[in-house]
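Here's the structure we're looking at; comments come further down.
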Amino acid sequence: IAFQNINNLFTNDFIQPSGIKFLSCDIALSNDSFVVIAWNGFVVEKIYVFGKIDGKILMEELKNIAKLHEVPNSNIVYDADGIGNYLRGFFPGGVGLNNNHRPTSPEYQNLKSELYFLLADHINNNKIFIKQILSSELKQRVIDECQMIKRDSEAGEKLAIIPKSKVKELLGHSPDITDAMA
């Protein structure tokens, strides 16, 4: 992703809310951050980041955020790998996403790679606006995580992104915000 396009995420105010609201979530309890992003079309209205959190509080927070932003369960997507798999029974109609599942297009290694390539395309084409005024720390985290979105495949191979373990090593933490964005 071109660095100027990452910075444009915070100034693309020409992108208008569509009125269709979603929540995208990266689920974590202890080691990583639990992240919820409230979208209105391709406008990020709010990024919620929680540190270590227990399962009951996670559920309450997610329900409260959905209610606050008026998002129906069918418009909530969450990482269903690992701990996120347990949300299935608590958010009927919610969309559990399994990153290692088959992509919708055969050119990608897995669904996660496909979603990250789509996210990179949207950022590079200035199709996303982060409306929320972020703290300098959170803004830098978004920038750092976006800079880690890189191709990890050779010509002729299926398109893949660099593994999360490598990203964690380079960042010093999990890319929870971009996981939720993707």
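No value in this document is a laboratory result; all are computed from the given coordinates. The model shown is predicted, which means the values in this text are computed figures rather than measured ones. Counting neighbours? That spans all protein chains shown, and the Cβs are built from the backbone with ideal geometry, glycine included.
Observations, loosely collected:
- Normalised contact order of the chain, rounded percent, pairs of Cα under 8 Å and 6 or more residues apart: 27 percent
- Peptide ranges 61-67, 154-160 listed from the most packed, as the mean C-beta count within 10 angstrom indicates: 61-67, 154-160
- Lysine-lysine proximity count for the stretch 94-182, Cα under 20 Å, sequence distance 8 or more or distinct chains: 16
- Annotation for residue 49 and residue 121: the two label points, set 7 Å from Cα along the Cα-Cβ direction, are 2.8 nm apart.
- Antiparallel DSSP beta bridges within the chain, as percent of all bridges there, nearest 5: 60 percent
- Placing dummy labels 7 Å off each Cα toward the beta-carbon, the span from residue 60 to residue 166 is 4.1 nm.
- Rounded to the nearest 0.05, the FRET efficiency derived from the C-beta distance between residue 138 and residue 81 at R0 = 41 Å is 0.95.
- Unit charges on C-beta of K, R, D, E only; dipole of the stretch 42-182, Debye: 180 debye
- A simple spin-label model places the labels of residue 4 and residue 74 4.2 nm from each other, with each point 7 Å out along Cα-to-Cβ.
- In the calculated pair-distance distribution of the chain, the portion above 30 angstrom amounts to 14 percent of the Cα-Cα pairs.
- A dipole drawn for the stretch 1-142 from +1 and -1 charges on Cβ atoms has a positive end, and of 71, 49, 38 the residue lying farthest that way is 71.
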